[in-house]
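Colleague: One structure follows; several queries about it will come next.
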Amino acid sequence: MTTSSPNIAFHDLVDTLRSALVVLDSSLRVTSANQPFYRLFQVEAGATENRILFDLGDGHWDIPSLRDRLERAMTQDHSLDAFEVEHDFPSIGRRVFSLNARRLPPTEDHPAYLLLAIDDITTEREASRESERAWRLAQTIVDTVRDPMVILEGDMTVASVNRAFLNLFQVTETQVMARPLKDLGEGQWNVSALGALLDKVVPDERAFDGFEIEDEFPALGRRIFKINARKVHRPGNHVTRLLVVFEDVTEARLVERHRDILAAELAHRIKNSLQIITSFVSFEIRRAAEPCIDGYRAMQARIAAVAELYDVISQSSALGPVPVQPYLNGIAASIHSSLIGKAADIEILVEAEPLLIDADKAVSVGLIVNELATNAVKHAFPDGAGRILLSFERRDDEVLLTVQDDGVGHDQTRNSGARSGLGSRYVEAFVKQLGATMARATGANGTTMTVKLPMSILAEAADDHAASPLMAPDGVRYPI
């Protein structure tokens with residue numbers, strides 16, 4: 001290094017830096033450079049020092065705009081920041097460099113110098129360009145998707161939109177870009193619940209699917225949209241955005257609603273038909289001989305239990321999951337009206353958690369309840385007074401169905417005949433069909449029948465391939 005350069009302590013300092021540094025005098029001649037510079041450009045000090053910067057190599061620094069900026073930095077104390085040079089350099093190939101320059105004011109020991117830092121940003125630029133290519137490809141793919149899509153910034157303003165969105169809602173990019181989602185259209189997307197979900201997508205890494213909005217849309221009329229959202233990253237610049245997809249499900253929802261109406265109407269008609277059958281049975285009871293009456297009444301209660309299922313379905317307007325509480329209430333009312341009769345002091349209560357059971361398993365559950373409660377009515381209260389409790393609850397990994405009475409109780413000997421009766425065989429068959437188990441506890445304070453059902457009985461764990469709700473278990477025939 002020449003003696004006109006800054007003092008040796010300064011050079012010791014710059015040699016420890018990772019950036020390539022050169023020191024230029026007032027004529028932009030290289031007075032010195034640090035070791036990272038020589039290693040980066042694979043040159044010797046003799047081929048660099050005391051030469052004008054623009055004459056180095058094959059003239060790759062001889063750029064008019066760079067010359068102008070450096071001259072102003074030296075004479076007018078202007079800074080040079082992030083000036084990029086891309087070139088095929090001897091020995092090292094094509095590179096992209098970022099240049100930053102600062103003027104070192106003169107002192108008593110040396111004149112003014114210009115310190116030029118050169119950083120190799122080739123890798124970053126290649127990554128950025130690849131990111132841009134990938135982003136443009138992604139945008140092209142998004143534009144080919146049929147569902148409307150928007151990409152939102154963190155502040156919920158629109159950063160990008162695909163053609164499907166513009167075409168469906170008949171808007172232009174100018175009307176959409178950089179505007180908050182909630183302000184688009186006539187405020188149809190300004191829904192607090194939707195805003196709360198979108199706010200959690202980025203910080204909580206929480207995507208969501210199936211949020212539905214039904215509203216009147218300009219030029220479209222009444223529509224139903226299902227909205228899905230995901231967090232997306234743009235590689236290279238660490239920008240996080242939200243991809244929001246709008247699926248028009250209007251036609252599907254209208255079909256479902258029409259289907260539900262038809263299903264409810266069908267359930268209502270089935271219920272009415274079953275009630276007509278129970279009326280015929282009531283007529284036969286009045287004409288039947290005494291030994292046949294109990295059989296007719298048992299059959300009437302079983303038909304009423306099935307009819308109650310369709311009554312609940314018809315009121316829910318869909319052939320879907322059955323709410324337990326109203327279902328058991330209806331069965332209890334049917335038993336009371338058909339079997340208890342004048343024994344008005346027998347009370348049937350229902351305690352059920354707000355659970356839903358599959359419609360295809362509800363008949364079996366209802367008939368189990370009917371048979372167990374009917375048995376209690378017949379045998380637990382010789383004096384015609386007492387209480388029967390029907391309960392349904394979820395406990396740990398199973399569901400408990402309990403029929404409990406506060407009657408006289410009965411021992412194994414007295415019930416050996418009853419257990420072999422037709423009603424008991426029905427119960428055992430239905431319990432087996434549901435994959436359940438049944439236990440009995442009896443004593444002086446009454447009898448408790450507990451059926452432990454699998455969690456699959458509940459609607460959220462439904463088995464799509466279960467038996468039809470009107471199918472009797474194998475080996476069981478209903479008496480006529």
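Where a number appears in this text, it was derived from the coordinates with a stated rule and is not lab data. These figures come from a predicted structure and were not determined experimentally. Cβ sites come from the backbone with ideal geometry, for glycine too, and all protein chains shown count toward neighbours.
Colleague: Along the Cα→Cβ direction, 7 angstrom out, place labels at ASP396 and ALA112. What is the inter-label distance in nm?
Modeller: Distance between label points: 8.6 nm.
Colleague: Rounded to the nearest 0.05, what FRET efficiency do ALA159 and ARG39 have when you use their Cβ-Cβ distance and R0 = 35 Å?
Modeller: According to the calculation, E is roughly 0.25.
Colleague: Still on this model: I'd like to compare 214-222, 277-285: which one has the highest average count of other Cβ atoms within 10 Å, and what's the full order after that?
Modeller: Order by mean packing, descending: 277-285, 214-222.
Colleague: What length, rounded to one decimal in nm, is gained on full extension from ALA333 through to ILE261, with 0.36 nm per residue of separation minus their alpha-carbon distance?
Modeller: 23.3 nm is the gain from fully extending ALA333 to ILE261.
Colleague: Report, in debye and to the nearest 20, how large the dipole of region 126-248 comes out about its Cα centre when Lys and Arg carry +1 and Asp and Glu carry -1 on their Cβ.
Modeller: The dipole of region 126-248 has a size of about 280 debye.
Colleague: Over the residues of region 23-133, compute the C-alpha Rg and express it relative to 2.2 N^0.38 Å.
Modeller: Dividing the Cα Rg of region 23-133 by 2.2 N^0.38 Å gives 1.11.
Colleague: Round to the nearest 0.05 the FRET efficiency obtained for LEU17 and ARG133 when R0 = 25 Å and r is the Cβ-Cβ distance.
Modeller: With R0 = 25 Å, the Cβ-Cβ based efficiency is 0.15.
Colleague: Among the aspartates and glutamates, which fall within straight-line cross-link reach of LYS378, defined as a Cα-Cα distance under 16 Å, with same-chain neighbours fewer than 8 residues apart omitted?
Modeller: Qualifying aspartates and glutamates at Cα under 16 Å: GLU290, ASP294, ASP345, GLU347, ASP405, ASP406, ASP411.
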